[in-house]
Amino acid sequence: MVEIIEFKGTLVKKERLAPDIVLLSFKLDEEFSFKAGQYVMVKVNDGDSSKLKAYSVFSPPSQKDTIDLCIKIIEGGFASEVFDKVEEETEFEMKGPFGRFFFDENNTSTVQFFICAGTGIAPLHSMLVECLHKYPDKKFKLLFGARTRKDLVYHEQFLELEKSNDNFEYLPTITREEWDGRQGRVQQHLEGDFSDTTFYICGLKEMVLTTKGLLIEKGVDPENIKFERYS
Ligand SMILES: Cc1cc2nc3c(=O)[nH]c(=O)nc-3n(C[C@H](O)[C@H](O)[C@H](O)COP(=O)(O)OP(=O)(O)OC[C@H]3O[C@@H](n4cnc5c(N)ncnc54)[C@H](O)[C@@H]3O)c2cc1C
């Protein structure tokens, strides 16, 4: 197991990926090892108050010196308001890595099916970037749900990744506008033969629980369903 450490991260880049999603890159004051899919606890200060908040690492472990977090700005949310206004050079105390939601190297399934909505993409992006080359004999699928095309963060990058990796299939779906792609929630796109498949699901509670329930109804062994819930 990787050792849990406390460290400091200085914000070096802030990028708006979607109307209410920011990508924050932090330069770290010491070497931080984690497994793709794990999360860090960030101490968020606002005036006299401070709260510890969990964020999955968006960047892969192979990216050294900095980590990227992909954060949804929720109106009125304590940390959200801080991250919405935060400026470069601000320092944050962090601790990690935490969590058991990481790629299982011993899993024998040929298909690794990643399912997420919104910022649930964070740990799965980290895993994909880390695993696509490492496991050329496995087939990776990413079913990614969002409200509109603009909310599908890294859409162009995933299309590129699909073009350059025969073992990757990108399946975006949106719920609140018309486009020439898949329509509806991720739960509406769970068709196929899942006999040789392991699932990794990440997002808010309702999405994770209903998706997991549907997969079990379709005969998937719960052992082959790994998940991370944000709420
Ligand atoms: C293991 C783990 C990993 C997480 N990783 C991420 C991550 O990579 N990116 C990220 O944006 N969040 C992530 N979260 C959620 C995060 O920890 C906070 O809960 C979130 O940022 C809201 O905090 P806040 O202080 O802004 O809002 P709060 O003041 O705590 O409350 C805001 C309200 O929004 C709800 N909410 C929480 N998260 C979301 C969300 N993503 N979308 C919509 N509503 C939400 C809460 O249930 C609450 O009702 C993760 C949570 C866990 C447990």
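Values as computed for the structure displayed
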quantity	calculated
Protection-proxy order for peptides 113-125, 197-209, each taking the mean of Cβ atoms within 10 Å per residue, highest first	113-125, 197-209
Rh by Kirkwood over Cα pairs, then Stokes-Einstein D for segment 144-209 at 1.306 mPa s and 10 °C, µm²/s	120
Sites T90 and I216, calculated FRET efficiency, Cβ-Cβ separation with R0 45 Å, nearest 0.05	0.55
Segment 70-114: trypsin sites (Lys or Arg not before Pro) in DSSP loop, at most 15 other beta carbons within 10 Å	R100
Cα radius of gyration and Dmax for segment 32-181 (Å)	16.6, 52
Cubic angstrom per residue, convex hull over Cα atoms of segment 116-160	69
Whichever lysines have a C-alpha closer than 25 Å to that of K139, once near sequence neighbours (fewer than 8 apart) are set aside	K35, K163, K212, K218, K226
Cβ-based charge dipole, the chain, positive-most Cα from N106, L11, A117	A117
For segment 155-231 and segment 40-67, distance of Cα centres in Å	26
Label-point gap, in nm, between A54 and S195 - each point 7 angstrom along Cα→Cβ	3.6
Residue-count net charge about Q112 - beta-carbon cut-off 13 Å; Lys, Arg +1, Asp, Glu -1	-1
Cα-centred dipole magnitude for the chain, charges only on beta-carbon of K, R (+1) and D, E (-1), debye, nearest 20	420
Rounded to 5, percent antiparallel among DSSP beta bridges of the chain	55
Computed over segment 5-98, the ratio Rg/Rh where both radii use C-alpha atoms and Rh is Kirkwood	0.93
Label-point separation, E15 to R185 (7 Å along Cα→Cβ), nm	3.1
Within segment 91-120, GluC sites (Glu not before Pro) in DSSP loop having at most 11 other beta-carbon neighbours inside 10 Å	E105
Sum of -39500 (n - 2.57) over DSSP H runs of 4+, divided by residues of the chain (222 nm, nearest 500)	-5500 deg cm²/dmol
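Rule-based calculations on the coordinates, nothing more; no lab input. Only a predicted model underlies this, so the values are computations on that prediction, with no experimental measurement involved. Please note: Cβ atoms are built from the backbone with ideal geometry, for glycine as well, and neighbour counts cover all protein chains shown.
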